[in-house]
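Engineer: There's a structure below that I have some questions on.
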Amino acid sequence: MSIKIEKTDNKNELKLEFIIEAKKFDEAIKKVYIKSVKYFNIPGFRKGKAPINIVEKYYGNEIFYEDAFNEVVPEEYEKELKENKIEAVSRPNIDVKQIGKGQDLIFTAVVQIKPEVKLGKYKGIEIKKIEYNVSDEDIKHELGHMQEKNARLVSIEDRAVENGDITVIDFEGFVDGKAFEGGKAANHELTIGSNTFIPGFEEQIIGMKTGEEKDINVTFPEEYFSEELKGKEAVFKIKLHEIKKKEMPNLDDEFAKDVSEFDTLKELEASIKEKLEEENKKKMKYETEEEAMKRVCENVEIDIPEGMIETQIDNMTKEIEQRLKYQGMNLENYLQMIGKTKEEFRKEYEEEAKTTVKNKLVLEEIIKTEKIEADKEEVTKRLEEMSNIYNRKIEELEKNQEIIEYIEMSIKNQKVLEFIVENAKIK
């Protein structure tokens with residue numbers, strides 16, 4: 001195996017020419033043949049029993065070339081990058097120059113590489129002091145949530161529906177006199193004023209009485225996710241079965257005993273305040289570090305390769321797809337719902353991706369400059385935390401080099417952020 005390295009006309013880009021010996025490529029062809037021979041059905045031979053020369057004669061000599069390329073190249077490619085200390089940050093653009101049985105495999109790979117980072121001032125930067133205080137209103141807000149969570153539902157018999165009531169309804173929707181898919185439900189609970197239905201739907205239920213039936217006229221929004229219903233006028237036939245209302249518990253010592261380990265409301269309020277103060281500390285720390293990084297990055301010279309940005313957008317897209325999956329959706333459905341193409345969607349995340357990549361490169365450069373390390377004790381502590389969260393043995397995690405590297409980098413990143421803030425001038 002040999003490699004020739006050239007710079008291209010583009011900054012942060014290399015053209016690599018690889019030569020893999022004929023013997024190694026021929027061995028890859030044999031491996032591919034052994035893996036795939038069972039699928040070949042050639043006249044005169046039992047299925048999967050035809051010799052390699054017969055398969056090549058029947059299907060053409062190049063039948064195994066592509067798979068053999070994929071068999072041998074990835075490992076050799078990564079090995080050469082490592083040996084030559086090339087930090088590729090994009091997928092290689094491959095061009096095969098020579099391929100064949102009994103011949104050296106020759107191909108070129110054009111890759112973008114990690115850019116040079118010229119740090120500016122990162123010690124003594126000026127940042128604003130970020131502060132959050134817990135107010136009485138914040139505590140009341142939290143208590144209100146606890147009241148909501150512990151509220152009792154009571155049936156209302158002596159009046160019509162009011163805003164804030166919980167109704168139990170049957171409904172069926174029609175467009176142009178025809179029922180449409182997904183427009184029907186029985187004994188559906190709907191909180192009036194929640195704005196979870198089409199605009200104008202909930203308001204028209206106000207004033208209805210238990211047992212009453214009514215037709216409601218609405219218009220689907222132009223941006224509605226269903227193409228068939230966008231902007232269409234619809235009629236919903238409604239039957240109201242029940243009206244319910246939340247009855248909130250009184251905020252007193254008995255409430256505190258029921259919902260917490262405390263005996264008095266005063267103790268519960270003190271606990272809420274302590275929890276909110278802790279949350280505020282974390283928020284202040286995060287926002288201060290974010291502000292500090294913003295100031296540091298303003299002083300940096302760096303030309304980020306397009307491949308790094310595209311890779312970051314890929315990663316962000318995968319995270320979004322995973323979240324959508326938990327909601328029973330996929331990216332295609334989501335894009336239809338918001339009326340965007342995949343290209344438009346990716347474009348929206350371009351600036352965020354640039355910022356993320358720039359921050360990462362700057363942190364790495366300061367880590368290198370300041371010789372920041374992750375101590376063994378710190379790594380062990382993180383491994384123990386991970387072991388408890390994911391219910392995996394520490395010994396098993398310690399053998400996974402990717403996990404160790406991830407933990408070490410995470411510790412270094414946190415240390416460098418704290419280093420920048422500690423050395424900043426906070427106004």
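Engineer: Considering only protein heavy atoms and a 1.4 Å probe, what is the carbon-and-sulfur percentage of the accessible area of the chain?
Structural biologist: On the way: 12830 of 27860 Å².
C and S fraction of accessible area: 46 percent.
Engineer: Out of 308, 293, 386, any idea which swings most in a Gaussian network model of the chain, alpha carbons joined below 10 Å?
Structural biologist: Comparing 308, 293, 386 in a Gaussian network model of the chain, the most mobile one is 386.
Engineer: If we sort 86-97, 217-228 on the protection proxy, mean other Cβ atoms within 10 Å, highest first, what's the order?
Structural biologist: Details: 86-97: 14.9, 217-228: 13.1.
In descending order of packing, they fall as 86-97, 217-228.
Engineer: Follow-up question, since we're still on this one. What list of ³J(HN,Hα) couplings, whole Hz, do you get for the range 120-129 from phi and the Karplus terms 6.51, -1.76, 1.60, once you set θ to phi - 60° and write x for glycine and proline?
Structural biologist: In residue order, the calculated couplings are x, 6, 10, 10, x, 5, 9, 9, 6, 6 Hz.
Engineer: Subtracting the Cα-Cα distance from 0.36 nm times the residue separation, let me have the gained length for residue 6 to residue 271 in nm, one decimal.
Structural biologist: Values: separation 265, 0.36 × 265 = 95.40 nm, distance 6.43 nm.
Answer, rounded to one decimal: 89.0 nm.
Engineer: Of the listed values [x] 4, 20, 29, 24, 12, 7, 3, 1, 0, 0; [y] 4, 17, 19, 14, 11, 9, 8, 6, 4, 3, 2, 2, 1, 0, 0; [z] 4, 12, 14, 19, 18, 15, 11, 6, 1, 0, identify the label whose number matches P(r) over Cα pairs in 10 Å bins from 0, in percent calculated from this model.
Structural biologist: Correct label is [z].
Engineer: Can you give me the Rg/Rh ratio for the range 261-354, using Cα atoms for both radii and the Kirkwood formula for Rh? Show your work: numbers first, answer last.
Structural biologist: Numbers: Rg = 20.7 Å, Rh = 17.4 Å.
Ratio of gyration radius to Kirkwood radius: 1.19.
Engineer: So, how do all the Cα-to-Cα distances of the range 208-247 break down into 10 Å bins, in percent, from 0 on up?
Structural biologist: Answer for the range 208-247: a P(r) of 27, 32, 27, 14, 0 percent.
Engineer: In nm, what is the difference between 0.36 nm times the number of residues separating residue 329 and residue 176 and their Cα-Cα distance? Intermediate values should be presented prior to the final figure.
Structural biologist: Numbers: separation 153, 0.36 × 153 = 55.08 nm, distance 2.87 nm.
Using 0.36 nm per residue and subtracting the Cα-Cα distance, I get 52.2 nm.
Engineer: Greater than 30 Å separation of Cα atoms is the criterion. Which listed pairs, 275/415; 30/114; 285/354; 129/340, meet it?
Structural biologist: Numbers: 275/415 25 Å; 30/114 37 Å; 285/354 23 Å; 129/340 39 Å.
Over 30 Å Cα-Cα: 30/114; 129/340.
Engineer: Pairs of Cα atoms under 8 Å, at least six residues apart: use those to get the relative contact order of the chain, whole percent. Spell out each step's value before the answer.
Structural biologist: Values: 585 pairs, mean separation 68.5, N = 427.
Dividing the mean separation by the residue count of the chain yields 16 percent.
Engineer: Related question: Going by alpha carbons, how many degrees (0 to 90, nearest 10) lie between the helix axis of 265-298 and the longest principal axis of the chain?
Structural biologist: 40
Engineer: For the range 345-355, just list the computed ³J(HN,Hα) in residue order, Karplus coefficients 6.51, -1.76 and 1.60, θ = phi - 60°, integers in Hz, with x standing in for Gly and Pro.
Structural biologist: Once θ is set to phi - 60°, the couplings for the range 345-355 become 4, 5, 4, 4, 9, 5, 5, 4, 5, 4, 4 Hz.
Engineer: Can you give the relative contact order of the range 153-198 as a percent, counting alpha carbon pairs under 8 Å and 6+ residues apart?
Structural biologist: Numbers: 47 pairs, mean separation 18.7, N = 46.
This gives 41 percent for the range 153-198.
Engineer: Output the 0 to 90 degree angle, nearest 10, between the alpha-carbon long axis of helix 65-83 and the longest principal axis computed from the alpha carbons of the chain.
Structural biologist: 90
Engineer: With a 10 Å cut-off between alpha carbons and a GNM built on the chain, which of 407, 389, 243 moves the most?
Structural biologist: Ranking 407, 389, 243 by mean-square fluctuation puts 389 first.
Engineer: Give the angle, between 0 and 90 degrees and rounded to the nearest 10, that separates the Cα long axis of helix 401-422 from the longest principal axis of the Cα atoms of the chain.
Structural biologist: 60
Engineer: While we're here: Tell me the per residue accessible area of the chain using a 1.4 Å probe; a whole number in Å² is fine.
Structural biologist: Values: 27860 Å² over 427 residues.
Computed with neighbouring chains in place, this is 65 Å² per residue.
Engineer: Contact order normalised by length for the range 219-342, with contacts defined as Cα pairs under 8 Å and 6 or more residues apart; what percent is it?
Structural biologist: Numbers: 57 pairs, mean separation 26.0, N = 124.
Reported as a whole number, the value is 21 percent.
Engineer: Separate question: Over all distinct alpha-carbon pairs, what is the Kirkwood Rh of the range 42-146 in angstrom?
Structural biologist: Here the Kirkwood hydrodynamic radius works out to 20.8 Å.
Engineer: Now for a separate question. Enumerate by residue number the trypsin sites (Lys or Arg not before Pro) in the range 339-404 meeting two conditions: DSSP loop (anything except H, G, I, E, B), and at most 16 other Cβ atoms within 10 Å of the site's Cβ. All intermediate terms of the calculation are to be shown ahead of the outcome.
Structural biologist: On the way: sites: 340, 342, 346, 347, 354, 358, 360, 368, 371, 376, 381, 382, 392, 393, 399; in loops: 340, 371, 392, 393, 399.
Answer by residue number: 340, 371, 392, 393, 399.
The values are calculated or read from the model by the stated rules, or taken from the named source; none is laboratory data. For clarity, every value in this text was computed on a predicted model and none was experimentally measured. Virtual Cβ from ideal backbone geometry, glycine too; neighbours counted across all protein chains shown. Note: accessible area is taken over every heavy atom of the protein model, side chains too, but ligands, DNA and RNA are not part of it. Shrake-Rupley method; radii C 1.70, N 1.55, O 1.52, S 1.80 Å.
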